Structures are given as structure tokens and as C-alpha cells.
Amino acid sequence: EAFRKVYEWKFINSLELWTDAIRAYSSQSDFKQLAYPLTQIISGVARLVPTARYIPLRLRCIRMLNKLAASTQSFVPVSMLLLDMLEMKELNRPPTGGVGKAVDLHCILKVSKPTLKTRAFQEACVFSVVEELAEHLALWSYSVAFMELSFIPIVRLRSFCKLTKVERFRREMRQLIREVSL
């Protein structure tokens, strides 16, 4: 019951407003100091209810965290949030709800139970995870620590490639692994 107040548009929009404010004024030390508490709040929101129905909200939080990391040039560990989504049972089962309508994960916070079982939802989730993970890793691609930062994501992506039965997902993951390993 209490998490519903956090998982509503009013709260999420206020987090996005603070994210944009810190991004706009990240050169000022007073605003830059607010990045850490905001990062903790956003990470907590993303982890609050780790179910597949809230994947759109989780992706929105991860986008905010990536934006904060880029503007403040500080490391924010979002790869585990993304990789945990790939291990959700709804994404590893064959879709039983048919193809379904295209799902725009940018415009919603929660999906219905029937939508969870559609191929369109699974594809949107996996491709969004790949996109956000690529963006996260691209932030640190010129860092000395990049090999260490990318090691666990590469291992988990390879594991996902072995477990998934969907060839399109395997191709997408292998392409990301190749790009990161270069």
C-alpha cells in the first residue's frame, strides 16, 4: 500500500525534475552535492518492487541514473539493476499471450498482467535493457577501469545468451558483448 505513493506519476515526475535540475546546474558545487542523495532515492525506487509489471518504471529510473552519471561524471552502478531484469521469469518463458500490441515503455510505469505474457512486451524489455546497458557502459568506455566495470555484465549477458531460447535476443546480446569486448 505504501509503495503505491512512490510508484505514481507525481513522485516519478518530481524525481525527473530534480534529475534535470542537477544536470542543468551540475557545474555548481551545491547542486552537484545533491546528486548522491538523489541517486540513492532513485535506486531505492527502482528496487522497491522488483517485479516484471514495474519494468517500465525501473527503466525510467535507470535512465535518470544514467543521466545523472553523465552530467556529474560520477559512477552510478546501474548494470545490476538492468541485468536482474533479464533474469525475471516473465522474460525467460515463451510468450503465451500471443504477439500483442507494441509496448512503449517510455510512457507507462506499470503493465497489465496479460501484457506481461506477450512477445511485444518481452522484446521491448530486452531491447531496452540492451540500450540502457550500452549507454551505461559507453559512459565509462574510456576509463582505465572499464574492463573491470564490464566484466560482470559480460558474464551475465553470456549466461543469458545460453539460457534464452529466442534467437533475436541472443543476436542482440552477442552484438553488445562484441562491442564491449573490443
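The numbers here are math on the coordinates, done by the rules we state, and not lab data. What you see is a predicted model, and the numbers here were worked out from it, not measured in a lab. All Cβ positions, glycine included, derive from the backbone under ideal geometry; neighbour counts span all protein chains shown.
Starting with the fewest neighbours, write out 121, 146, 169 ranked by other beta-carbon atoms found within 10 Å of each beta-carbon. Before the final figure, lay out each step's value.
On the way: 121 26, 146 14, 169 23.
Ascending Cβ contact count within 10 Å gives the list 146, 169, 121.
Along the charge dipole of the chain, pointing to its positive end and built from +1/-1 on Cβ of Lys, Arg, Asp and Glu, which listed residue (45, 91, 177) has its Cα farthest out? With unit charges placed on the Cβ atoms, the residue in question is 91. Return the tail of the calculated pair distribution for the stretch 3-181, meaning the percent of Cα-Cα pairs more than 31 Å apart. Here the long-distance tail beyond 31 Å is 17 percent of all Cα pairs in the stretch 3-181. Each residue of the stretch 150-166 is assigned a 3J(HN,Hα), and the resulting list reads 8, 4, 5, x, 5, 4, 5, 5, 5, 4, 4, 4, 6, 7, 6, 9, 8 Hz, derived from the Karplus form 6.51 cos²θ - 1.76 cosθ + 1.60 (θ = phi - 60°), x at Gly and Pro. Shown here for the stretch 62-142: GluC sites (Glu not before Pro) in loop regions (DSSP other than H, G, I, E, B) with at most 12 other Cβ atoms within 10 Å, namely 87. Listed peptides 159-167, 11-19 appear in the order 11-19, 159-167 once ranked by packing, highest mean of other Cβ atoms within 10 Å at the front.
Placing unit charges on the Cβ atoms of the charged side chains and taking the dipole of the stretch 1-152 about its Cα centre, the candidate lying farthest along the positive direction among 118, 150, 15 is 118. Here the relative contact order of the stretch 3-181, from alpha carbon pairs under 8 Å that lie six or more residues apart, stands at 19 percent.
With 31 Å as the limit, write out which pairs from 5/32; 32/162; 10/67; 10/165; 32/101; 67/165 have Cα-Cα distances beyond it, or answer none. Flagged as over cut-off: 32/162; 10/165; 32/101; 67/165. Label-to-label distance, residue 119 versus residue 146, with points set 7 angstrom from Cα along the beta-carbon direction: 3.6 nm. The alpha-carbon atoms of the stretch 109-182, seen along their principal axes, cover 45, 28, 15 angstrom, with the largest extent given first.
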